[in-house]
Structures are given as structure tokens and as C-alpha cells.
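The values are calculated or read from the model by the stated rules, or taken from the named source; none is laboratory data. What you see is a predicted model; the values in this text were computed from it and never measured. FYI the Cβ positions are ideal-geometry reconstructions off the backbone, even for glycines, and counts take in every protein chain you see. Heads up: the accessible areas ignore ligands, DNA and RNA and are worked out on the full protein's heavy atoms, side chains in. Shrake-Rupley method; radii C 1.70, N 1.55, O 1.52, S 1.80 Å.
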Amino acid sequence: MERWLALELASTIRHDGDGGVADDLASVEGVTRWVEAHAESLSGQVRIRELSVDEALRSEIVALRQAVRALFARAVSPAPPSPADARRLMPVGEALAYLNSVAARESVVPQLDWPSDGAPAVRLVSAKGDPAVRLLAALARAAVDFLSGPHRDRLRACSAPRCVRYFVKSHGRQEWCKPSCGNRARAARHYHRQRQATDGGPAAS
């Protein structure tokens, strides 16, 4: 299953299973766990073992997530955004400026690598030694790549009750981010039709 780092970052805001919203980045420990879980996606960009997450870094990652979710909301418009932050979205201009400024914190240059027994390849080399800066820039670049790429047009906000996730639509009729959300949405529609029938109103189609 294809995964996108920008979507993974946005998905740290999620339904908690009890009708509320959970934040996986609410603590330094939570951020540390999330970064370690995505070490493979960050491989070659961030030396995870050298990274020490503190409150300042946590706050910057959360701010970056806020910008990404605001731009995700723009991407799915005119459909409604995720209900988790629909009423407190960062203004689009501010979100763009913040995302671009974070991406620009790390300068990278292309280097040609051509082993004697293989084909030439390009790798990006950074002059930055601070792993926190490299992490933030890598997350921002992932969001820039996602939002400027072909997957943006298939981005959706899950419409299931209580779900707050964004997802990339994988087929034409997909409405929900996962099967359990589809089951919950169908159950809610069934309940709504039954309630209308009981109340004597027109049943929903």
C-alpha cells in the first residue's frame, strides 16, 4: 500500500474511538514515537539516531501539520474539509508561506553517484548538520511534493461520522478512508432513514 509522508503527518489528528479526536503529537514522547515509526520514509534525509525531540521541535512540527491540513482543506474544496479543524484553519496564504519557509531551511545540492559496476544516480546532499532542521525541511518538502503532484486531485476528507482523516482515493466510488468508516457511515444512514420513517417524515434516498 502506497504511503505519503505528508498524509501521514496530517493523519496524526485522528478519531480516538470514543467520539473524540486524538493527537499523536500532543507530547514530546508522541512525536518521538511518530518519527521513529517513519524512519524508513525519512531515510537518507534525517539521521534519526542523532535527533533529540524537545518541546520547541514538537511545536514546530505541529505548526507545520496545521499548515499542511489547511492546504489539504483547500485541495478538497469545494467539498468540506476534515471536521477536526474546519472552524480554525490557518489562512491559506499563511499556510503557504509557512510551508515554503520551512522547506527552505535546508539547502540541498544534487551529487552524481556513479559506481563502477552500476548506473549513475543522483543523490541530494545537505550542508546542514542539525537533524531537527533536516527533519522539518524533509516533512515540508514531502508536503510540497504531494500538493504539487498527481495525488492531490484524489485527496478527500473522509465523510464517515466522527472520522477526521484525509485519504487518497484509490478507486472511483471510494467515499471513506477505510472499510470500518464505510460500515459506520452506512449504519448512520440506515438509522437516519429509520428515524425519519418513525417520525413520519420523508425517507432519505
Which Cys residues of the chain have no other Cys Cβ less than 4.7 Å away and so no disulfide-compatible partner by this rule? Cys181
From the P(r) of segment 65-175, could you give the percentage of C-alpha pairs in the tail past 17 Å? 63 percent
Hey, in the GNM for the chain with a 10 angstrom Cα cutoff, which one of Ala37, Ala119, Ala56 fluctuates hardest? Ala119
Reviewing (i) 0.92; (ii) 1.18; (iii) 1.06, the figure for Rg/Rh (Cα atoms, Kirkwood Rh) actually calculated from this model sits under (iii)
With springs connecting C-alpha atoms under 10 Å apart, model the chain as a Gaussian network and identify which of Arg87, Arg152, Arg65 has the largest mean-square fluctuation. Arg87
Calculate, in nm to one decimal, what Ser148 and Val62 gain on full extension: separation in residues at 0.36 nm each, minus their alpha carbon distance. 28.8 nm
Taking Cα atoms of segment 1-53, Rg/Rh with Kirkwood Rh, to two decimals? 1.01
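Per residue, how many Å² of accessible area does the chain show with a 1.4 Å probe?
About 59 Å² of surface per residue is accessible.
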For the chain, what are the DSSP H helices with axial Cα length of 27 Å or more and mean Kyte-Doolittle hydropathy of at least -1.0? 55-76
Value of [θ]222 nm, deg cm²/dmol, for the chain, DSSP H segments ≥ 4, -39500 (n - 2.57) each, nearest 500: -14500 deg cm²/dmol
Globularity ratio of segment 71-128, using Cα Rg and 2.2 N^0.38 Å: 1.86
Given a 1.4 angstrom probe, I'd like the percentage of the accessible area of the chain that is carbon and sulfur, rounded to a whole number. 51 percent
Segment 23-68: C-alpha pair distances exceeding 14 Å, %: 50 percent
Estimated FRET transfer efficiency (Asp18, Gln174; beta-carbon r; R0 30 Å; 0.05): 0.70
Between Arg105 and Ala26, what FRET efficiency follows from the Cβ-Cβ distance if R0 is 35 Å, with the result rounded to 0.05? 0.90
Comparing Val125, Val133, Val62 in a Gaussian network model of the chain (Cα, 10 Å), the one with the largest mean-square fluctuation is Val125
hull vol. (C-alpha, convex hull) per residue for segment 123-169, Å³ -> 92 Å³
